[in-house]
Amino acid sequence: MNSATPLKQIIANLLENAIKFTSEGGRVEVGLSLVTGHRSSVEEQMTNDKGLMTNYVQITVSDVGGSTPRNFRPCGVCLEQDVPVLFSYPERYFTYFQEANTPIVKGLVLPLVADSHVFGTIWITSHDEQRQFDLEDVRVMTSLADFTATALLLQQRQTGELLAANAVLETEIVERKQVEAQTHALIANLPGGAVFVVDRNLRYLLAEGEALSAARFKPEDFVGRTIFEVLPPELAASYEPMYRQALAGEPFEHEHNAHHHTYLSRGTPLRSPDGEVYAVLAVSYDITERKRAESALRESE
């Protein structure tokens, strides 16, 4: 075939027929394949036909899940017999090949089956009377078909495993997001308290809580900034050694006054799965009312 135009027309015709005979919900497959047409065994025809395999390139189109009877297609005949099938002049039996206007002298089609999984067929065609297929061609193509079917089966299984793993991962992500949302809501509404996470550079990764808004701060006033950029110098200077202590693996507890309130802060190391401390979780509670009550009690005594 020397011209690209006839090739395009052939493909267009085959596609048109495949779509024509495919019902709603069916699927049309396009690919390189082998065309066949006679129902006698390959071994018989190889005994009767002499010659070498011709040069060939055959593009095939088939419909899957449509209303076309299986025996109306060479691949259907092959899959029903589940053996390599050699066809002579397939357009005599499958008349839609006549529209391609490319005579096929011999067509060998082999099933692609592995572990009871049917993947389709592989085709090879001869367009020359002097070039026939022999048993060696069948042997080589059978090996190719077996290899192809095995590769397709492996790909199918790997794809299935990947899809299953993705489904599990997606479920875990959804669940994790739900937990994170619940945790965030809990932290943001922590009564009289605030929660901070500070990394090894003493930079805030998290800042939430009722005490934060009570002091007229917003999370964005902290997140992404270091304690030296956010806190007053004297407060930052007092917190730095405590955060360093927690980053070294030792928790801390500290009471201090800020913004006309008294806070009790507790810090604990946050560790990665391998045990390395990567940040500090600090929870501050507003204990102003408690301190006032304690003071009033002492005065009353």
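Here are a few things to note about the model shown:
- Each peptide among 151-159, 82-90 gets the average number of other Cβ atoms lying within 10 Å of its residues, and from highest to lowest they stand as 82-90, 151-159.
- Where a label projected 7 Å from the Cα of Thr288 along Cα→Cβ would reach, residues of the range 200-238 with amide N under 15 Å: 210-217
- Farthest positive-ward along the range 166-301 dipole, Cα basis, beta-carbon charges - from Tyr243, Gly275, Ala214: Ala214
- Available extension along the chain between Tyr89 and Arg200 is 32.2 nm, counting 0.36 nm per residue and deducting the alpha carbon span.
- Rounded to the nearest 20, the size of the Cβ-charge dipole of the range 218-301 about its Cα centre is 80 debye, with Lys and Arg at +1 and Asp and Glu at -1.
- Table column - 3J(HN,Hα) (Hz), the range 146-151, Karplus curve with 6.51, -1.76, 1.60, x for Gly and Pro: 4, 4, 5, 4, 5, 5
- Calculated FRET efficiency for the pair Glu220/Asn257, C-beta based, R₀ 22 Å, to 0.05: 0.35
- Protection proxy ranking, peptides 108-117, 127-136, average beta carbon neighbours within 10 Å, highest first: 108-117, 127-136
- Note that the range 75-193, at 4 °C in a medium of 1.567 mPa s, gets a Stokes-Einstein diffusion coefficient of 69 µm²/s from its Kirkwood radius over C-alpha pairs.
- Expressed in Å, the radius of gyration and Dmax of the Cα atoms of the range 218-274 are 12.6, 41.
- Of the solvent-accessible surface of the range 92-160, computed with a 1.4 Å probe over protein heavy atoms with every protein chain present, carbon and sulfur atoms account for 53 percent.
- Sorting 167-173, 211-217 by average packing, meaning the other beta carbons within 10 Å per residue, from highest down gives 211-217, 167-173.
The values are calculated or read from the model by the stated rules, or taken from the named source; none is laboratory data. All values reported here derive from a predicted model rather than from experimental measurement. Using ideal geometry, Cβ is built from the backbone for each residue, glycine included, and neighbour counts are taken over all protein chains shown. The accessibility values were calculated without ligands, DNA or RNA, using every heavy atom of the protein model including side chains. Shrake-Rupley method; radii C 1.70, N 1.55, O 1.52, S 1.80 Å.
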